[in-house]
Structures are given as C-alpha cells and as structure tokens.
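Structure record follows, encoded as structure tokens.
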Amino acid sequence: MKRALVSHCIGLLIGSLTLLPAQAADMPAKDPSSKFVRYAVGERNVKDIFADGKIIWVGTSGGLVRYDTETDEYRHYDVRNGLLANGVFHVSRLNKEKLVVGTYGGGLTLLDENTGHWQRYNVPEGLGDPFVYDFLKMSNGDLWIATWTGANRIKKGQMDNPDAWEVFTVANTQGGLPNDWVYGLAEGKNGEVWFATEGGLARFKDETWTHWTHADGLGANYDDVKEETSFGTDPAAYSRHHAKQKMEQGLQGVNTAYNPNYIVSMTVADNGDVWVGTWGAGLSHFDGNKFEVLTKKDGLPSNHVFMLHGDKGSDGIWLGTNMGLSLLGKDNKVIKTLNREDGLVADTVFSMDIDNQGEYWIGSYGGVTRIKAAKDQ
C-alpha cells in the first residue's frame with residue numbers, strides 16, 4: 001500500500017534546483033551510530049523511493065540512484081547513461097528482470113538489470129504524454145500510466161503491442177476523468193482503479209467512470225484553512241495552466257496555494273478506503289460514500305500533504321508534508337510527527353518506502369533519511 005506523488009508546483013514554492021556534480025551530490029554521507037542516517041543528494045528533490053530487497057532506488061530531480069545497503073555502493077543514472085530526462089517521478093518493478101522508471105519529460109523507461117539495456121516508451125509508442133507521474137501493475141495483468149495528458153491503459157501488459165494501448169482523457173470519457181493531469185494511480189479492493197487528478201478523485205470500475213470533487217466533500221473549505229496556509233505564493237501567478245484551473249474551479253478570489261480538487265498524493269487502505277492529500281486543503285478520507293476531512297486543526301503538521309504511505313506494521317498511514325512526517329493512527333489521530341529537529345534531512349517530505357528489514361526510507365528536498373525502529377522514536 002505505497003505511493004508517493006510530487007507536484008510540479010513545488011519548485012515554485014521552494015526555489016529552482018541547482019544540480020551538483022554527480023560525484024559530489026550522491027550517496028552516502030551518514031553517521032552509523034544514529035538511528036537517523038542521512039544520505040545527501042545535493043540540491044535535489046527526492047521524488048520517489050523504492051525499496052527492492054537490499055537495493056534502494058532513489059528517484060530525484062537529478063536522476064536515479066541505485067544504492068546497495070549491504071556494500072554502500074551506489075550508481076547514478078541520468079541522461080548521460082540511459083534516461084531521456086533527469087527528473088524521475090516514479091520507480092517500481094515490472095518483473096524480476098525489469099525496473100520501471102517514470103520521468104519528467106522523457107517518457108517511461110524500463111531498465112533490464114541483467115543486460116543494462118534501456119527500453120523506452122513515449123508518445124510514438126502510444127504514451128499519452130512524456131511526463132509520467134505514476135505506474136500501476138494491476139492484479140488482472142493490465143498496466144496503467146499516469147501522465148499530464150490523461151491515463152494510459154495497456155491491456156494484459158502487452159507493452160509492445162500497439163493495439164493494447166489506450167489513453168483516457170476528459171474528452172473521450174465525457175468528463176468521467178475530471179482532469180487530464182493525472183498524478184497517481186491505485187488498485188482498489190475490488191479491482192477498480194483510482195485516479196488522483198488535478199481536478200478531483202476518479203474511479204474506473206467495470207468500464208465505467210465516476211468522480212468526486214470539492215462539491216462532493218473533497219478537501220477543506222477555504223475559510224477553514226486560509227489562516228493556516230504554509231505558502232503565500234500562488235502558483236497561478238506563475239503558471240497559465242494553474243490560472244486556468246482556478247477559473248474553471250471558481251477559485252479566482254484565492255491568492256494562496258490552495259485548491260481542494262488538486263490531489264497531490266493518494267493511497268488505498270486494505271479495507272478499500274481511499275486517502276488523498278490535497279494542495280492546501282488537508283487530508284481527505286473517502287469510505288466510498290462520504291468524505292472525512294482532516295486539517296491542521298485536527299493535528300496535521302500542514303494542510304499540504306505531498307505523500308501518503310500505508311504502514312502495515314502499525315495499521316496506520318504516514319503522511320509527508322512541508323512541515324514534517326506524521327503517522328496517523330487507526331482512529332485518524334496523529335500519533336507522532338517527525339521533522340528536521342528529530343533527524344530528518346528536511347521538513348519537506350515527498351516520498352517514502354519501508355524495506356524488508358522494517359527500516360524506513362524518507363525522501364526530502366536535499367536527501368534521504370533512513371530510520372531504524374521508527375515507531376520507537
């Protein structure tokens with residue numbers, strides 16, 4: 001039950017990136033005696049982390065890092081040795097041989113670790129857009145890809161069969177998909193697909209689309225959070241796209257980083273409930289019938305929720321924000337919050353995974369934090 005999403009707006013809020021030379025910017029830099037072990041990646045966002053046995057894959061705004069936890073050996077992949085773009089938004093595994101890498105402008109790439117061969121899929125192959133945010137392998141064998149121009153489905157995983165590729169957009173679903181900017185994907189309890197978009201939450205079940213927006217209860221009302229905004233910068237002031245979105249959603253009078261329909265992160269719990277983190281409108285819990293909204297007033301460190309990750313060990317949910325990492329318990333109460341003062345690389349948390357040793361890997365701006373026995377901190 002894992003997924004981490006990172007908004008393209010983050011750069012507007014924390015500043016542009018200056019990438020350091022690979023030999024000076026990557027892993028590791030750590031204190032072995034500490035339960036909080038830090039790994040520096042320079043002035044980069046760590047947008048996704050994938051714990052793959054003893055190997056930790058780290059997707060950053062400056063490429064992909066393969067880190068061996070047993071030997072401390074690491075390798076850096078970027079446009080010089082396989083990728084078509086340095087921004088990595090997604091890392092997962094297609095099968096035992098191939099790693100899936102979703103990039104910011106370079107499409108979807110598969111790495112065959114046995115041969116070192118890179119296999120690339122982009123718009124000519126059927127991809128909706130070269131900006132890939134998420135990838136989902138379904139239990140029925142279908143593959144889904146989240147892009148900035150809708151969502152792709154590849155029936156039965158036949159990636160090299162052009163006839164197996166489909167793309168779903170607002171236009172060809174007659175608005176069933178509420179927005180073409182799709183940030184996240186998750187399989188539901190009964191085989192449905194959930195979509196986190198910039199215009200609301202969507203579900204694809206039995207070839208039928210359904211969606212929910214702020215009008216249905218998604219996200220907090222502006223009046224309830226306007227005094228608690230973490231960012232005074234309004235992305236719409238810098239982006240035509242966001243300015244258009246605000247007009248379409250009736251948010252012209254809002255001049256801060258707030259959009260209750262803009263889902264930045266998502267996870268589906270084992271019981272089928274859906275959790276979504278929004279852009280300034282807190283955390284929403286959807287049980288299939290109604291939404292419950294949690295904000296700073298309920299104990300969240302921030303109303304900007306960039307990452308959600310289920311923790312089977314505690315039956316809770318970890319949420320990453322710009323003000324630290326929090327664990328939400330079964331009663332929807334915040335159990336603990338960790339931030340830079342506790343040992344994180346930075347307060348802004350974009351990604352997370354838990355390895356097979358039960359250790360926690362937290363991705364932030366500037367690096368990765370490895371936490372041993374995190375629940376005892």
Note on LEU201: of the conditions (1) over 28 Å from PHE50 (Cβ atoms); (2) out of contact with any Lys or Arg (no Cβ under 8 Å at 6 or more places or on another chain); (3) not aromatic (Phe, Trp, Tyr), unmet is (1)
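Yes or no: the range 346-353 includes at least one residue that is under 19 Å from ALA186 (Cα atoms), open to solvent by 10 Å² or more (accessible area, probe 1.4 Å) and of a type outside the set (A, V, I, L, M).
As a first pass, look at the range 346-353 and keep what is under 19 Å from ALA186 (Cα atoms): 350-353.
If we keep only those that are open to solvent by 10 Å² or more (accessible area, probe 1.4 Å) as well, we get 353.
Those still in the list that are of a type outside the set (A, V, I, L, M) too: 353.
Yes, the conditions are met somewhere in the range 346-353.
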Considering only strands (runs of 3 or more DSSP E) wholly within the range 229-293, the ones with at least 2 residues that are aliphatic (A, V, I, L, M) are 259-268, 274-279
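A quick yes/no check of all residues on (1) more than 21 Å from the chain's Cα centre (by Cα); (2) surrounded by 13 or more Cβ atoms within 10 Å (Cβ to Cβ); (3) in a loop (DSSP other than H, G, I, E, B):
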position: PHE204; (1), (2), (3): no, yes, no
position: TRP209; (1), (2), (3): yes, yes, no
position: LEU218; (1), (2), (3): no, yes, yes
position: ASP224; (1), (2), (3): yes, yes, no
- Task: Could you please let me know if SER326 is open to solvent by less than 20 Å² (accessible area, probe 1.4 Å), of a type in the set (Gly, Ala, Ser), touching a residue at least 60 places away in the same chain (Cβ under 8 Å) and at negative phi?
- Result: no
The one condition ASP180 fails out of (1) among the charged types (D, E, K, R); (2) in a strand (DSSP E or B); (3) surrounded by 17 or more Cβ atoms within 10 Å (Cβ to Cβ) is (2)
Per the filter on the range 137-165, residues surrounded by 12 or more Cβ atoms within 10 Å (Cβ to Cβ), touching a residue at least 24 places away in the same chain (Cβ under 8 Å) and either among the acidic types (Asp, Glu) or in a loop (DSSP other than H, G, I, E, B) (or both) are MET138, THR149, MET159
Next on the checklist: Tell me yes or no: at least one residue of the range 48-61 is open to solvent by 30 Å² or more (accessible area, probe 1.4 Å), in a loop (DSSP other than H, G, I, E, B), among the small types (Gly, Ala, Ser) and farther than 29 Å from GLU166 by Cα.
Outcome noted: yes
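The values are calculated or read from the model by the stated rules, or taken from the named source; none is laboratory data. Just so we're clear, the structure is a prediction, and the values are computed from it rather than from any experiment. Neighbour counts are summed over all protein chains in view; Cβ atoms, including those assigned to glycine, are modelled from backbone coordinates with ideal geometry. We work out accessible area using only protein heavy atoms, side chains counted, and drop any ligands, DNA or RNA first. Shrake-Rupley method; radii C 1.70, N 1.55, O 1.52, S 1.80 Å.
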